[in-house]
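Colleague: There's a structure below that I have some questions on.
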Amino acid sequence: MDFQVVVLAGGNSKNLTPLVSKELPKPLLPVANCPVLNYVLHQLEQSNLKDLIVVVEGEDAALLVGAWISGTFIDRLHVEIAAVPEDIGTAGALRAISHHLTAKDILVVSGDLVSDVPPGALAATHRRHDAAVTTMLCSIPVSGPLESGSSGGKDKAKKLGRYNIIGLDPSKQFLLHIATEIEKDARISKRILHAVGQMEMRSDLMDAHMYAFKRSVLQEVLDIKDTFQSLKEDVLPYLVRSQLKSEALLNRTPQGEENSNEKVSSQNNQAFISRILANASTPSFHGLYSENPDGSSSTRKTHKCCVYIASSSSYCVRLNSIQAFMDINRDVTGDADHLLSPNNIIGPSPKLGTKTTVGPNCRLGEGSEMGDKCQVKRSIIGRHCRIGSHVKAVNSVVMNHVTIGDGCIIQGSVICSNVQLQERVVLKDCQVGAGFVVTAGSEYKAESLAKKEK
Amino acid sequence: MDARRMSRAVPRVRQVGFFTPNTPVQQPRPQSAAPSSESPPLSDSPASNSLSPVMIPPPRHLSDNLGGRTAAVPVPGRENSGELPTVGSYNPSESVLWLDSPPRSRIGDEELSEGAESSLGWYRRSNSAKFASSLPSGGFNLSTVKHPESVAAVEAKNPLPGKSEAQKEQASSSKPLKAKTTKAERRALQESQRAAKAASKAEANKSGTAGEAPSSKPMKQPPLKKDGPPVASSIAASERIGVDRSVEKERKKDLPPPRKQFDDESRGGRAKRRSVLNQPEARNRVELFRHLPPHKNGTQLPYLQSKFFELQEKHPAVYKVGLQYLAGDLSGGNARCIAMLQAFQEAIRDYSTPPEKTLSRDLTSKIGGFVSFLIECRPLSMSMGNAIRFLKSRIARLPLTLSESEAKTTLCSDIDRFINEKIVLADKVILRHAATKIRDGDVLLTYGSSCVVEMILLYAHELGKQFRVVVVDSHPMLEGQKLLRRLVVKGLSCIYTQLNAISYVMHEVTRVFLGASSIFSNGTVYSMVGTASVAMVAHAFRVPVLVCCEAYKFHERVQLDSICFNELGDPDAISKVPGRVDVNFLDNLTDKQKENLELLNLKYDATPSDYISVIVTDYGMIPPTSVPVIVREYRKEYLLI
């Protein structure tokens, strides 16, 4: 279908410390015992997209991700791993691999997207409108833990920042305005407002970070605006802002086409045909705007920025904060369990001690052992964990190779790999970084524990 | 609009609305008495059977009834005598087109004479024979058209028998696995086959080239014909074995396939399994129109979109066009046809023959796949059907010696030529013709948005003629507003009104210009729904009605009503008024109440030729009775382009 897929897997994310580390880059962060990147790749594979470019920040992370992909999707996917330096942003990453892009349209997917929206829908919308950029919007997920949700005030402020202010045209097909942060005042182009006549402002939609770009447009923008760092915050707003006054960058392609038609008569016929086609199709405001007052199509160049709004029944969340991580873990085992790919089957069932209860919506990795009289509710426990007796785990995520001593109580926490919890530790809403050792009898609440960097 | 069901010869007895079974209509049919005795007139049979209050035969017996109906209408047979002399009178208009392509005119003339001759003979025969049963499949015109072609094909085969034999030998020797016989035996077998083939070829040739060729004529007709002479069928059989099968296959391909009847359970199941889109349930659809494919927008669009990457075998360009049809982004006969052809062009450019397959066969099947995909998105218009037929015949006609890239460039340039000659140039010719009919002070009325009519109006305006335009529009498409915008922007003075006010505005109108989706052999104009009403009102007010239509949209089918073949639009489009929140009387019905409601949004209707003064086409301005002449005389030229 002449689409190239770029998966921006990222590398180390500051939002997710201490969960991610050098040994465990963000793409490999396990969600329900399965790296988060797996969800995207699985989704793409199901859509019959087998040639992918996965962009990873940092050489080390790229090696790790590459090893994992080649181990998991041996024959099924044809993946190119591209390592880019850290902190160059999403736009920078695309700029770095720009010379690899050859297809007519580029589908850019964030590697941390956990969603069941078919990427084909976005691509089809993009093609249908012949748009310069199409972005997928989804409704903002229900956030926060189910019970005892006392996320800190700091977290709440962060959540507010995630809201997007999105302006749509009445037919909900075109993107007229997008701002990522709530600012005091929003600047909206008068020209666009004048052309459309009516704009619908939404704050209940979220940019899902899945875009389809026209390759020529994307490359031109990246070339010319070399200060652009982020797709979401720079490139997309720029394209949306300039949709009615596309600058030189977008004019080049049509000129080239015109030059190729040498004969005047054939050019005449082309104009004739294109007029028939244009008159027959439903005009968008772009067409109406680019029309001169006397009706002839003018030199004003426009490009279309379309949206695909995922239906509210579909699941679509980005893993970009610890809260989101908890939510996704909860949903993937609960409501949205169809997302779990078949290669996530639980191995030989873990050994459970006597009188140990495992509630619904739980997931236990292979080779884990649990002592007597444990309680596990709505939690995920990774592989090869050793859990002592009288342990209570609620709403928590325990990764691989964790040792938990007797009598620990874990609530709403994330415990990374190789952590050792000694006896009678009480954790509430904590994140424990990899390899940390929590001493016996300590109690923590809403803290983030991690080993100090050497 | 029952009047369209009456034959032209019948005096105006108009039956509108419902009939009671005990008052059967005995319409005087002075000229077609004989056929009507064999097959009772349409209006009688259902009424007397009291199948339904409206006079529609059940669709399952469609072919029978159609046959009966067409037998009752004396169109082709009766007009024969009146029409054939007019062939000559078209020469001036022919020259209009042939100016563009001078080298072909000679060939065209030759074939024209041949075609005229053969069809003449055929018509003479058909007056006595009972031919009507072949009509619904579009057979009668095809056979006249196909005949000279097949002769040509046979003739073309003859000069190089040696080569084909050599090829065959090669082929047979290259398959050692199959052949268990000895070489000598194979040789003998081949020789005998070759002899049989040559004999049958000669026979076919003789019967084909002989001017009158009465015995070979009937076999060109579809096998539906029952009382053909047995001799002919035996010859046909022998020919079928002997003569190259491709000719026959091609003929089969050219026949429009029988339309799927969507209320037919047995067929529906298979089609459902094969189709890309899942067919929506036929719920709340008007009984009379259940045989039509249901409208697919709305529920199907997201589904198709989500399958985007799974349907790899559909070329992206084709896919895009299909989506645009489905979403309604693209409408209008010409535009849809051009978009489709351009998509095919792109698909052909990207095509590469898979190993062990030949380009012509594989590409034909590929195009067939594209076409069925497009049909699923929206039923094809007649013009598109004609264009597809053209393309397929071009593919079949490709010389085998051509390399793949050459073949592809040939096909692409063919498509370009089709677009340029059949649409662009045709439109330009139509402009010139129609502009002569616009005088200063005229008030022109048009309905909906037809691209040709728009161009005519703009062209006349550019010529400096002083006239006013009345744009009549109707819900739910409101296409007229688009047209209106473009006209007003160019400085034409316009009046805009809705279809229900047509009788008020018709007083001051001096000409009516209408576009058409297709024109059938009996002069019936198939166009956007509402056109028939406009034409009828205009006729009643004695305002001339000019239908502007490119000749490639002409179709050999004979259609008397707009029920057998039509297209259903989105039923929700008529139940909701866009932008009017206060008009929502149908919104809050309960499900049970909704069961009583059937929504009908028809897209097309058929205007009987009585209401049409003249058809402006690229071959000149013709009366509606001359449509079959154009179809007959120019179809082969256009397949040969």
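Colleague: What is the number of the single condition among (1) surrounded by 21 or more Cβ atoms within 10 Å (Cβ to Cβ); (2) within 14 Å of chain A (Cβ to nearest Cβ); (3) modelled with pLDDT under 90 that B:Met382 does not meet?
Modeller: Among (1) surrounded by 21 or more Cβ atoms within 10 Å (Cβ to Cβ); (2) within 14 Å of chain A (Cβ to nearest Cβ); (3) modelled with pLDDT under 90, B:Met382 violates only (2).
A quick yes/no check of all residues on (1) aliphatic (A, V, I, L, M); (2) more than 30 Å from B:Ile415 (Cα to Cα); (3) not in a loop (DSSP other than H, G, I, E, B):
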| site | (1), (2), (3) |
| --- | --- |
| B:Tyr552 | no, no, yes |
| B:Val558 | yes, no, no |
| B:Cys564 | no, yes, no |
| B:Val581 | yes, yes, no |
| B:Asp587 | no, yes, no |
| B:Asn596 | no, yes, no |
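Colleague: Just checking, how many residues over segment B:395-433 are of a type in the set (Lys, Arg) and surrounded by fewer than 20 Cβ atoms within 10 Å (Cβ to Cβ)?
Modeller: Pass one, segment B:395-433, residues of a type in the set (Lys, Arg): B:397, B:408, B:417, B:422, B:428, B:432.
Now restrict to residues that are surrounded by fewer than 20 Cβ atoms within 10 Å (Cβ to Cβ): B:397, B:417, B:428, B:432.
Number of matching residues: 4.
Colleague: Follow-up. Given the criterion modelled with pLDDT under 85 and among the aliphatic types (A, V, I, L, M), identify the matching residue among A:Leu421, A:Leu427, A:Leu449.
Modeller: Values: A:Leu421 fails: modelled with pLDDT under 85; A:Leu427 fails: modelled with pLDDT under 85.
Only one candidate passes the filter, namely A:Leu449.
The rows are residues; the columns are (1) buried (at least 20 other Cβ atoms within 10 Å of the Cβ); (2) within 14 Å of chain B (Cβ to nearest Cβ); (3) closer than 26 Å to A:Pro237 by Cα.
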{"position": "A:Ala9", "(1), (2), (3)": "yes, no, yes"}
{"position": "A:Asp51", "(1), (2), (3)": "no, yes, no"}
{"position": "A:Ser70", "(1), (2), (3)": "no, no, no"}
{"position": "A:Phe73", "(1), (2), (3)": "no, no, no"}
{"position": "A:Asp87", "(1), (2), (3)": "no, no, yes"}
{"position": "A:Ala96", "(1), (2), (3)": "no, no, yes"}
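Colleague: A further question follows. Residues of segment A:5-37 being assigned to a strand (DSSP E or B) and β-branched (Val, Ile, Thr), which ones?
Modeller: A:Val5, A:Val6, A:Val7
Colleague: May I pose another question? Tally up the residues in segment A:38-56 that are outside any helix (DSSP H, G or I) and either modelled with pLDDT of 85 or more or aliphatic (A, V, I, L, M) (or both), please. It would help to see each step written out before you state the result.
Modeller: To start, the set of residues in segment A:38-56 that are outside any helix (DSSP H, G or I) comprises A:47-56.
With the extra rule that they be either modelled with pLDDT of 85 or more or aliphatic (A, V, I, L, M) (or both), the set shrinks to A:49, A:52-56.
Of the residues in that region, 6 qualify.
Colleague: Same structure again: Looking at (1) crowded, with 21+ Cβ neighbours inside 10 Å; (2) in contact (Cβ under 8 Å) with a residue 24 or more places away in the chain; (3) assigned to a loop (DSSP other than H, G, I, E, B), which one does B:Phe308 not meet, given that it meets all the others?
Modeller: (2)
Colleague: Exactly one of (1) modelled with pLDDT under 80; (2) crowded, with 20+ Cβ neighbours inside 10 Å; (3) assigned by the TED database to the domain that holds A:Leu122 is unmet by A:Ser312. Its number?
Modeller: A:Ser312 satisfies all of (1) modelled with pLDDT under 80; (2) crowded, with 20+ Cβ neighbours inside 10 Å; (3) assigned by the TED database to the domain that holds A:Leu122 except (2).
Colleague: Moving on to the next point. Given the options B:Val505, B:Val577, name the one that is among the β-branched types (Val, Ile, Thr), in a helix (DSSP H, G or I) and either touching a His at 6+ places or on another chain (Cβ under 8 Å) or surrounded by fewer than 22 Cβ atoms within 10 Å (Cβ to Cβ) (or both).
Modeller: Details: B:Val577 fails: in a helix (DSSP H, G or I).
Sole residue among the options that is among the β-branched types (Val, Ile, Thr), in a helix (DSSP H, G or I) and either touching a His at 6+ places or on another chain (Cβ under 8 Å) or surrounded by fewer than 22 Cβ atoms within 10 Å (Cβ to Cβ) (or both): B:Val505.
Colleague: A follow-up question, please. Checking the structure you have, find out if any residue of segment B:392-412 is assigned to a helix (DSSP H, G or I), at pLDDT 90 or above and within 14 Å of chain A (Cβ to nearest Cβ).
Modeller: Looking through segment B:392-412, at least one residue is assigned to a helix (DSSP H, G or I), at pLDDT 90 or above and within 14 Å of chain A (Cβ to nearest Cβ).
Colleague: Kindly evaluate A:Thr102 against the criterion of being more than 14 Å from chain B (Cβ to nearest Cβ) and hydroxyl-bearing (Ser, Thr, Tyr).
Modeller: On the way: more than 14 Å from chain B (Cβ to nearest Cβ): yes; hydroxyl-bearing (Ser, Thr, Tyr): yes.
Spelling it out, A:Thr102 is indeed more than 14 Å from chain B (Cβ to nearest Cβ) and hydroxyl-bearing (Ser, Thr, Tyr).
Colleague: Additional query: Please pick out the residue among B:Val534, B:Val529, B:Val489 that is touching a Pro at 6+ places or on another chain (Cβ under 8 Å) and within 27 Å of B:Arg336 (Cβ to Cβ).
Modeller: Working: B:Val534 fails: touching a Pro at 6+ places or on another chain (Cβ under 8 Å); B:Val529 fails: touching a Pro at 6+ places or on another chain (Cβ under 8 Å).
The match here is B:Val489.
Colleague: Within segment B:311-357, can you find the residues that are surrounded by fewer than 17 Cβ atoms within 10 Å (Cβ to Cβ), more than 10 Å from chain A (Cβ to nearest Cβ), part of a loop (DSSP other than H, G, I, E, B) and modelled with pLDDT of 85 or more?
Modeller: Selection gives B:Ser352, B:Thr353, B:Pro354, B:Pro355, B:Glu356, B:Lys357.
Colleague: While we're looking at this one, here's another question. Could you tell me which of the residues B:Thr497, B:Thr436, B:Thr446 is surrounded by fewer than 18 Cβ atoms within 10 Å (Cβ to Cβ) and either in contact (Cβ under 8 Å) with a residue 24 or more places away in the chain or at positive phi (or both)? Before you say what the answer is, go through the steps one by one.
Modeller: Numbers: B:Thr436 fails: either in contact (Cβ under 8 Å) with a residue 24 or more places away in the chain or at positive phi (or both); B:Thr446 fails: surrounded by fewer than 18 Cβ atoms within 10 Å (Cβ to Cβ).
After applying the criteria, what remains is B:Thr497.
Colleague: Within 14 Å of chain A (Cβ to nearest Cβ) and part of a loop (DSSP other than H, G, I, E, B) - does that describe any residue in segment B:426-441?
Modeller: Filtering segment B:426-441 down to residues within 14 Å of chain A (Cβ to nearest Cβ) leaves B:426-431.
Okay, now just the ones that are also part of a loop (DSSP other than H, G, I, E, B), so none.
Looking through segment B:426-441, none of the residues is within 14 Å of chain A (Cβ to nearest Cβ) and part of a loop (DSSP other than H, G, I, E, B).
Colleague: Say whether the condition of being of a type in the set (Val, Ile, Thr) and at pLDDT 85 or above is met by at least one residue in segment A:139-157. Step through it out loud before you land on a result.
Modeller: Looking only at segment A:139-157, we keep the residues that are of a type in the set (Val, Ile, Thr), and these are A:140, A:142.
Still in the running and at pLDDT 85 or above: none.
Taking every residue of segment A:139-157 in turn, none turns out to be of a type in the set (Val, Ile, Thr) and at pLDDT 85 or above.
Colleague: Something else: Looking only at segment B:451-479, how many residues end up being facing chain A (nearest Cβ under 10 Å) and under 27 Å from B:Leu602 (Cα atoms)? It would help to see each step written out before you state the result.
Modeller: Step one: filter segment B:451-479 for residues facing chain A (nearest Cβ under 10 Å), giving B:451-452, B:454-455, B:458, B:479.
Now drop any that are not under 27 Å from B:Leu602 (Cα atoms), which leaves B:451-452, B:454-455, B:479.
The number of residues fulfilling the criteria is 5.
The values are calculated or read from the model by the stated rules, or taken from the named source; none is laboratory data. Please read all numbers here as calculations on a predicted model, not as lab measurements. Please note: Cβ atoms are built from the backbone with ideal geometry, for glycine as well, and neighbour counts cover all protein chains shown.
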